[in-house]
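The values are calculated or read from the model by the stated rules, or taken from the named source; none is laboratory data. The model shown is predicted, which means the values in this text are computed figures rather than measured ones. Cβ coordinates were reconstructed from backbone atoms using ideal geometry, including for glycine residues, and neighbour counts include every protein chain displayed. With ligands, DNA and RNA removed, areas are computed over all heavy atoms of the protein, side chains included. Shrake-Rupley method; radii C 1.70, N 1.55, O 1.52, S 1.80 Å.
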Amino acid sequence: MLARLLANLFSGWFRLSRWFPQPAMRRIRDAIAEGERGHAGELCLAVESRYSPWAVLNGLQPRERAHQLFSLLRVWDTRDNSGVLLYLQLAERRVEIVADRGIDARVAPELWRGLCEDFARDIATGNAEEAVLRCLGTINALLTEHFPAAADNPRELPDDPVVL
């Protein structure tokens, strides 16, 4: 717990602007928008620099936080139940993917786990923007395979990454 507390106190706050400057966030937004033209799913990226000391002391875990954000950001509220949240917590370098029941029922759990592990490895060892774009590309391909775009492909969620 002490290591988590120290990481959240001292290491997450500076990574956001260094890893995701505004031009990178615009490219990520554009990649989300472009990918969604090919499928009926909705994709959301949420980036959180760190947790408060109270959240860490109360035992908040990244998976739990990702589920909270999935609800708060209304990623679940799509016509085909095909929303996917890609969550990145910078202080602990933790990543989570939460998929709505429509797409989750069509993609094997081990594929989601593998994608999450690949993303975490890419974030730890490489360029953060490239890691996000690679992961978004894979999720967009899955959504295109299972929920191809129809003529009336509504835009149900904003494409801009959410910074917390």
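Among the conditions (1) farther than 25 Å from Phe10 by Cβ; (2) buried (at least 18 other Cβ atoms within 10 Å of the Cβ), the only one that Glu96 does not satisfy is (1). Within the bounds of segment 113-132, is there any residue that is aromatic (Phe, Trp, Tyr), out of contact with any Cys (no Cβ under 9 Å at 6 or more places or on another chain) and open to solvent by less than 20 Å² (accessible area, probe 1.4 Å)? No: segment 113-132 contains no residue that is aromatic (Phe, Trp, Tyr), out of contact with any Cys (no Cβ under 9 Å at 6 or more places or on another chain) and open to solvent by less than 20 Å² (accessible area, probe 1.4 Å). Residue pairs whose Cβ atoms lie under 8 Å apart, sitting 6 or more positions apart in sequence or on different chains, and linking a residue in segment 97-114 that is over 18 Å from Glu42 (Cα atoms) to a partner that is aliphatic (A, V, I, L, M), are Leu111/Leu142. Checking each residue in segment 123-160 for being in contact with a strand residue (DSSP E or B) (Cβ under 9 Å, 6 or more places away or on another chain), in a helix (DSSP H, G or I) and among the acidic types (Asp, Glu) picks out only Glu145. Of the residues making up segment 30-38, none is under 22 Å from Leu157 (Cα atoms), in contact with a Ser or Thr (Cβ under 7 Å, 6 or more places away or on another chain) and not in a loop (DSSP other than H, G, I, E, B). Restricting attention to segment 51-91, which residues are in a loop (DSSP other than H, G, I, E, B), modelled with pLDDT of 95 or more and open to solvent by 60 Å² or more (accessible area, probe 1.4 Å)? Within segment 51-91, Asn58, Gln61, Arg74 qualify.
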